[in-house]
Structure formats: C-alpha cells, structure tokens
1. Restricted to the range 182-228, and to residues that are of a type in the set (Val, Ile, Thr) and either exposed (fewer than 14 other Cβ atoms within 10 Å of the Cβ) or without any contact (Cβ under 8 Å) to a residue 24 or more places away in the chain (or both), which residue is farthest from ALA255 (Cα to Cα)?
2. Could you please let me know if ASP167 is within 20 Å of MET261 (Cβ to Cβ) and either surrounded by fewer than 16 Cβ atoms within 10 Å (Cβ to Cβ) or acidic (Asp, Glu) (or both)?
3. As an exercise: evaluate ASP290 against (1) at pLDDT below 95; (2) closer than 14 Å to LEU135 by Cα; (3) within 22 Å of the chain's Cα centre (by Cα) and give the number of the one condition it does not meet.
4. Every residue in the range 216-244 that is in a strand (DSSP E or B) and out of contact with any helix residue (DSSP H, G or I) (no Cβ under 8 Å at 6 or more places or on another chain), please.
5. Can you name the number of the only condition in (1) assigned to a loop (DSSP other than H, G, I, E, B); (2) touching a strand residue (DSSP E or B) at 6+ places or on another chain (Cβ under 8 Å) that PHE133 fails?
6. Considering only residues of the range 65-74 that are surrounded by 16 or more Cβ atoms within 10 Å (Cβ to Cβ) and modelled with pLDDT of 80 or more, which is farthest from HIS85 (Cα to Cα)?
7. Can you pull out the residues in the range 233-251 that are closer than 15 Å to ALA171 by Cβ, aliphatic (A, V, I, L, M) and free of Cβ contacts under 8 Å to residues at least 60 places away in the same chain?
8. Inside the range 146-176, can you point out the residues that are assigned to a strand (DSSP E or B) and over 22 Å from GLY124 (Cβ atoms)?
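The values are calculated or read from the model by the stated rules, or taken from the named source; none is laboratory data. Only a predicted model underlies this, so the values are computations on that prediction, with no experimental measurement involved. Quick reminder, even Gly has a Cβ in these numbers, built from the backbone with ideal geometry, and neighbours come from all protein chains shown.
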Amino acid sequence: MDFQGDSLTVVDNGPGLHPDVLERILDFGSRTSDKSAYVSPTRGAQGNAFKTVLAIPYVFGGGKAGQVEVECGGIRHTIVVSTDHVLQRPQVNHRQESIVRNRGTLTRVTVDAASSKAAEADPGFLQNLVRDFCLFNPHATFDLLIHGERTAVEATTPEWRKWLPTDPTSAHWYNHERLETLIGCCIGAERAGGRVRTVREFISEFRGLSATAKQKRVSERAGLERAYLHDLANNGKFDQHRVADLLAAMQELSAPVKPEMLGLLGKEHFAQRLQPVGETLRYTCKKAIDQRGLPYLIECAFAVTPDGGPRGLRAGINWSVPLGNPFQDDAFRIDDEHLVSGLMALLANQRINLHCDPVCLAIHLTCPRFRYLDRGKGSISLGGDDE
C-alpha cells in the first residue's frame, strides 16, 4: 500500500482480477457478483465492493470526474467516473493499454488536491487500518508507504490458513429455502445462456460430496439419478419435496464443518500483536454450531497496551475490518434481569472506558453467514438472520 498524498495504491500478489470481471464491474446498473444465495464465511455477498472504489474520487472531489487505475492480466485499465446529468446515471470512460504485469492486481485511486489535504489531516488512519487487518490475518504481511516513509508489518504465522472463497460450501449451512434460492440462481444463469448442469454436478460442488460415489449415492437417495437441475422447478415453482429430499441426502452423507476449520486466530497471535503490559492479556474463545447448522468462532482479547500500541476497540468480521463499531445495535445481558444496548454500554457497566484507558479490546467473529444491517457491511446483528 502506497499513499502519496493525491493517490492511494494497493497491490496484492494474488492471481489477478480477470478482465471479464472488471468489465462487469463497470456496469453500475447491475451487481458484479451477487453471492447472497451462496453461503460462505467471507464478508462479501452484495456484489458492490469494487464499484464503491471506482466512486471514491468522484465523491471526494465533490462531484468532479475522478480516475482509478487497475493493472491486472497484462492490461492497465484507466477508468474515469463522472455523471450524465441528463440521464441521471454514472458515466464511465474506460481506456486500456498493454503492460508487463502478469500476476496480482494493482489499484490506484487518485483524488484532487483538496481531497488529499483532507486525507492528510489524520496521518495515522492508514497505519491503524493496516494494523487492524494484521490483527485479524496472522498469515498476511503488509507494507505501507506514506510519502516515502515505510511501515512494514510481518506475518506472525505465515502458514496459517483461513477458510477461502474457493473452499466449497457445506450442505449443512443451508435450510430448505436457502437451497431453493441457490438452485434458482443456477437455473436463472442457465436460462441466460449458461451451462446446463445435472443434479450430480450441483452436488459435487458441496464440501465432502466431490467423489463420484458420493454423488451417486446422494442422487439415488433423493430420487434424482438422471435429473438435471432445472427438473427441480416447473411452471415457476419448485418441487419442494424433491428439493427437501436432496438437501436431506446431502446433509446425511457429508460431515458438518467444525468451527475451528474456519480459521482460529489464537491467543499467541493476539499476544504478539497487542504486546500486553505484563500479564494483562485476557483471551477467550467460544466455538460452536448454532441452531441453523452454522459453525462460528468468537475470539476476544483484552490487554493493557504500551504507549504507541493498539488502543480502544478493534473489531473484525470474517478477517475484514469494518470502519466503526459493528455492535452498536445489539443488546447484551449483564445479569438475569438487566440488559444494556450496545457494546460500549456493556463496557461502561464494567467501568472500562476504551476512549481514555490504556487498554485494547479485540473482538473477531467468524461465521459462514451474518445478518448485515447496512450496505457498507459495517454493522451486524448478533441475533443472526431473519429466519
């Protein structure tokens, strides 16, 4: 990450953003990747993340055209976003040129001078943001460059592994309605010209069911040996009995995911990141499978921290960092008779002031599905889904 006052550049070493995906991102009339039907412990699912990045210079510039550069797959994409005031919609100018870069993705957001001065008003913001991401990602190394001053934070456990978006979903994370929604998305893609899939192909995409023998047993048990996925719906309605039989068979012939398989951060990692004063570190972890069949991890670390160390509340949701307190709308029980509203009220009841005391409270939640309360995915309900 490189901050130069009028631009912020972020580079990763992943496989790189596919050009076709970038083309879909530029269509502000649709979501690029609506994964709301697919259950997986990531912070995505709304399909609007990169679109918000493209709008940053426009918003910071007070409605002036802003530029974003993306380098991936041997192509530099220069994207300028403005407004078509006649049609009342975003106007996108997209230029491409060949470059040498083959791996990873570089994204550079450029803002005007007035916006850059506003960003410089809080020089510690980016350092704190990077440190927060390090706090919830033991395997990641971050390199931050601000006006030539480098801050590098090394991984505490390079070999640590979390649940990846490429890991298969589990049949145990679905109920009847959610499986119908997922099947409906697949049928919709097929009708739009996508691949026609059999039920066995659909089964193979779930954790523990990739073996041919397992696919055969599940499809036979559900009475769908030679069926296509679109056979589960007719005249705009699902065959609910067949969907229910399919879900029951998939769950019966696959094992539930243990909570620790999602990616446990651990006490030692928090000790290295928080650098507690003396023996002040307190760590607890709760792991279980809830009534919906979803595994979850809740890790909390509390410590008195040294000068220059992390202070206040540090929250993470599926290894990502919301820009604020995500627990403001939840009720917490103090005892059998009393509830308080919000995490800060709970801490105040214990005479802890995160704004003044030299302490840090780090909370990380991991679960295949959260109920987000806003489009920015910065606030959640600990009560779960609407189900």
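1. Applying the filter and picking the extreme gives VAL196.
2. yes
3. (2)
4. Within the range 216-244, ASN234, LYS237 qualify.
5. (1)
6. Only one residue fits best here, namely GLY73.
7. Hits for the range 233-251 are ALA248, ALA249.
8. Listed by number, the list holds a single entry, THR169.
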